[in-house]
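Data block below; observations after.
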Amino acid sequence: MKKSLNLLQLTFASTSAIIGSGWLLGIYISAKDAGPSSIFSWFISGFAVMLIALVYSELGAMLPAAGGLARYPKYTHGAFLGFITSWILIIAGAAVSTIETEATVQYLSSYVNGIFLNKSLTAEGTIFAFLILVFFFLLNLFGAKIFAKTNTFLTYFKILTIMSVAGTLIYASVKSGNIKNLTGYNLMPYGYDGIMKSISSGGVIFSYLGFRQAIDLSGEAKNPGRDVPIATILSVIIGIAIYTLLAFSFIISVPQVKNNLWNTLNLSSPFINLLNMYGFSAFALMVIFGAVISPFATGLVYMGTTSRITFAMSKMKFLPKSFHLNFNRYGTAYISLIFTFFLSALYLLPFPSWQSLVGIITSGMVFTYILGPIGLIVFRKLDSGKKRPFYLPFANMISLIAFIVGTLIIYWSGFDVLWKLGIGISAGIILFIFTNFNKVKGNFKETVVPGLWFPLYIIAVLTISFFGSKNFGGNNLIKSPFDLIAVILTAVLFYFIAINTSIKKEEMKMIIEEEFIGEEFDI
């Protein structure tokens with residue numbers, strides 16, 4: 001793959017993935033879940049994701065590789081964990097492109113009849129969403145440079161539009177006196193549980209998870225050692241600032257919510273509806289274009305970076321060699337891209353709405369993201385002398401906190417989401433055994449044993465979720481806050497188990513050297 005991406009392009013790849021459908025629908029849904037305290041949900045979630053982003057900043061600068069998030073677990077805990085991580089990243093990443101097209105169609109439904117009815121896409125809407133996916137595919141086919149330039153332009157437009165919307169609503173709320181309603185609201189109408197629910201299933205964490213794009217594109221960066229950490233961290237900072245401001249503008253501009261019943265809010269296109277209500281109809285027409293561009297650009301980025309995960313799976317010998325050996329003249333691994341496109345298109349059939357996918361995608365991605373803190377500490381233990389362009393201070397403390405916070409986010413998704421995700425991960429385990437039977441049979445200790453902690457960890461979290469608080473779908477045998485204490489203790493236990501069950505130093509170096517043959521990288 002060609003090394004053509006600069007700092008701005010990497011930063012905007014992550015920023016664009018962060019600022020997608022979250023501002024269109026996530027702000028609204030999190031307000032329904034948590035009321036005015038949803039403002040804190042966006043700030044707290046941004047801080048939590050920043051901890052994970054800091055960890056990956058060191059890994060991405062140290063080992064810049066296409067599809068890096070899929071590769072690091074294999075380097076530290078063997079083929080079994082590498083396959084499961086890749087499996088989750090592909091099924092979740094491909095779904096994001098789909099979810100963003102659905103958000104685009106949903107917002108357009110305010111002006112185009114017959115494409116979105118009863119909270120889901122119609123047949124015409126599904127065809128329209130499919131055509132958008134085709135456009136994502138074609139743009140990515142022309143290589144990272146064209147894809148990045150297109151995305152950079154779209155991201156500038158997105159940021160301008162969002163800041164204009166927030167500023168306009170704050171101005172209108174102050175001028176009309178609607179901001180005074182804030183003093184009569186209960187800050188936390190649904191308590192801490194409402195904040196937790198909005199973080200996990202209300203689209204808050206989902207929105208921030210796009211920070212990974214700079215990591216997955218690090219193999220195509222001109223100066224990964226410098227640019228990848230800056231791009232990753234900067235994108236999260238931009239996301240926190242934009243989402244917190246936007247959440248505040250939404251809360252103060254919504255017409256008075258009687259009796260603090262925020263869950264009764266009913267807006268089909270939230271920001272468009274509010275702008276029209278305040279008499280900014282002309283501006284609302286411009287915003288509808290920005291509202292379409294936002295998820296559009298995010299879906300474009302995710303299709304590109306998910307194809308890098310597919311490329312990485314091929315490099316790790318989990319998919320046929322053709323996925324990473326066949327490039328077009330623009331430097332695109334086109335078979336990986338075709339595979340990703342068809343997988344994204346399949347999601348249009350069983351999940352015809354935005355919110356039906358958010359919870360599962362969020363939990364799936366967080367399951368893989370929490371492997372970063374483990375990987376960082378293991379890399380430092382096994383290869384402490386390796387050159388690290390970005391060296392994270394207080395790494396032991398930050399990694400442990402990041403792992404605990406990630407585990408809590410997974411738990412907050414609720415049992416109804418987690419058992420479905422457990423089935424998906426189990427399917428991946430069965431697929432690994434089926435496709436790698438001889439390798440598992442002949443080399444079980446090195447291939448599987450180091451990664452066995454991960455399915456045991458998933459079982460432990462599922463068990464607590466089943467017996468935990470009814471607020472998160474459990475049967476309430478472990479009442480709040482004891483359920484949270486159980487989750488934290490479980491996270492700490494498995495964190496130290498994972499760190500101490502890694503593969504050996506010599507095996508890690510052998511795997512890395514073998515996989516980076518043909519890639520421009522100093523090993």
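The values are calculated or read from the model by the stated rules, or taken from the named source; none is laboratory data. A quick note: this is a predicted structure, and the numbers were derived from the prediction, not measured. Glycine gets a Cβ as well: all are built from the backbone with ideal geometry, and neighbour counts include every protein chain shown.
Structure values in brief
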| read-out | value |
| --- | --- |
| Residue tally, condition assigned to a helix (DSSP H, G or I) and without any contact (Cβ under 8 Å) to a residue 60 or more places away in the chain, over region 367-389 | 1 |
| Any helices (runs of 4 or more DSSP H) falling wholly within region 269-346 and containing at least 1 residues that are within 17 Å of Ser21 (Cα to Cα) | 270-277, 281-315, 334-346 |
| Residue check for Ile478: surrounded by 13 or more Cβ atoms within 10 Å (Cβ to Cβ), more than 30 Å from Ile401 (Cβ to Cβ) and free of Cβ contacts under 8 Å to residues at least 24 places away in the same chain | no |
| Residue within region 107-123 that is closer than 30 Å to Ser281 by Cα, among the hydrophobic types (A, V, I, L, M, F, W, C) and within 18 Å of the chain's Cα centre (by Cα) present | no |
| Region 217-247: number of residues that are within 16 Å of Lys32 (Cβ to Cβ) and either surrounded by fewer than 19 Cβ atoms within 10 Å (Cβ to Cβ) or more than 23 Å from the chain's Cα centre (by Cα) (or both) | 0 |
| Conditions (1) assigned to a helix (DSSP H, G or I); (2) without any contact (Cβ under 8 Å) to a residue 40 or more places away in the chain: number failed by Asn266 | (1) |
| Index of the failed condition, Gln256 passing every other in (1) outside any loop (DSSP other than H, G, I, E, B); (2) under 29 Å from Tyr190 (Cα atoms); (3) in contact (Cβ under 8 Å) with a residue 60 or more places away in the chain | (1) |
| Some residue of region 182-201 being among the charged types (D, E, K, R), in contact (Cβ under 8 Å) with a residue 60 or more places away in the chain and part of a helix (DSSP H, G or I) | yes |
| Hits in region 158-170 - residues which are closer than 16 Å to Val292 by Cα and either buried (at least 19 other Cβ atoms within 10 Å of the Cβ) or modelled with pLDDT under 90 (or both) | Lys158, Thr161, Ile162, Val165 |
| Options Ala31, Ala92, Ala61, Ala17: the member that is within 22 Å of Ile335 (Cβ to Cβ), crowded, with 24+ Cβ neighbours inside 10 Å, among the small types (Gly, Ala, Ser) and touching a residue at least 40 places away in the same chain (Cβ under 8 Å) | Ala92 |
| Residues (among the small types (Gly, Ala, Ser), within 18 Å of Gly279 (Cα to Cα) and part of a helix (DSSP H, G or I)) located in region 145-181 | Ser164, Ala166, Gly167, Ala172, Ser173, Ser176 |
| Flag for Ile44 being at pLDDT 90 or above, closer than 21 Å to Thr368 by Cα and of a type in the set (Val, Ile, Thr) | yes |
| Lone unmet requirement of (1) surrounded by fewer than 24 Cβ atoms within 10 Å (Cβ to Cβ); (2) out of contact with any Pro (no Cβ under 9 Å at 6 or more places or on another chain); (3) in a helix (DSSP H, G or I) for Leu51 | (2) |
| Only listed residue being among the aliphatic types (A, V, I, L, M), touching a helix residue (DSSP H, G or I) at 6+ places or on another chain (Cβ under 8 Å) and more than 18 Å from Phe206 (Cα to Cα), chosen from Ile242, Ile272 | Ile272 |
| Residue in region 39-57 that is within 29 Å of Lys505 (Cα to Cα) and either in contact with a Cys (Cβ under 6 Å, 6 or more places away or on another chain) or not aliphatic (A, V, I, L, M) (or both) present | yes |
| Residue tally, condition of a type in the set (Phe, Trp, Tyr), more than 22 Å from the chain's Cα centre (by Cα) and either assigned to a helix (DSSP H, G or I) or crowded, with 22+ Cβ neighbours inside 10 Å (or both), over region 128-144 | 1 |
| Subset of region 395-424 (residues that are within 17 Å of Phe454 (Cα to Cα), at pLDDT 90 or above and of a type in the set (A, V, I, L, M, F, W, C)) | Leu400, Ala402, Phe403, Ile404, Val405, Leu408 |
| Qualifying residue in region 334-342 (condition: of a type in the set (Val, Ile, Thr), surrounded by fewer than 21 Cβ atoms within 10 Å (Cβ to Cβ) and at pLDDT 95 or above) | no |
| Residues located in region 382-411, provided they are under 17 Å from Ser57 (Cα atoms) and β-branched (Val, Ile, Thr) | Ile398, Ile401 |
| Top-ranked residue in region 292-316 [being more than 16 Å from the chain's Cα centre (by Cα) and closer than 15 Å to Tyr156 by Cα; ranked as modelled with the lowest pLDDT] | Val292 |
| Subset of region 82-106 (residues that are within 19 Å of Ile423 (Cβ to Cβ) and either over 23 Å from the mean Cα position of the chain (by Cα) or not aromatic (Phe, Trp, Tyr) (or both)) | Ile84, Thr85, Ser86, Ile88, Leu89, Ile90, Ile91, Ala92, Gly93, Ala94, Ala95 |
| Identity of the residue in region 294-333, within 28 Å of Glu102 (Cα to Cα) and in contact with a His (Cβ under 9 Å, 6 or more places away or on another chain), that ends up surrounded by the most Cβ atoms within 10 Å (Cβ to Cβ) | Ala312 |
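This table checks each residue for (1) part of a helix (DSSP H, G or I); (2) closer than 23 Å to Arg71 by Cβ; (3) in contact with a strand residue (DSSP E or B) (Cβ under 8 Å, 6 or more places away or on another chain).
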{"position": "Lys439", "(1), (2), (3)": "yes, yes, no"}
{"position": "Ser465", "(1), (2), (3)": "yes, no, no"}
{"position": "Asn471", "(1), (2), (3)": "yes, no, no"}
{"position": "Gly474", "(1), (2), (3)": "no, no, no"}
{"position": "Phe496", "(1), (2), (3)": "yes, no, no"}
{"position": "Ile503", "(1), (2), (3)": "no, yes, no"}
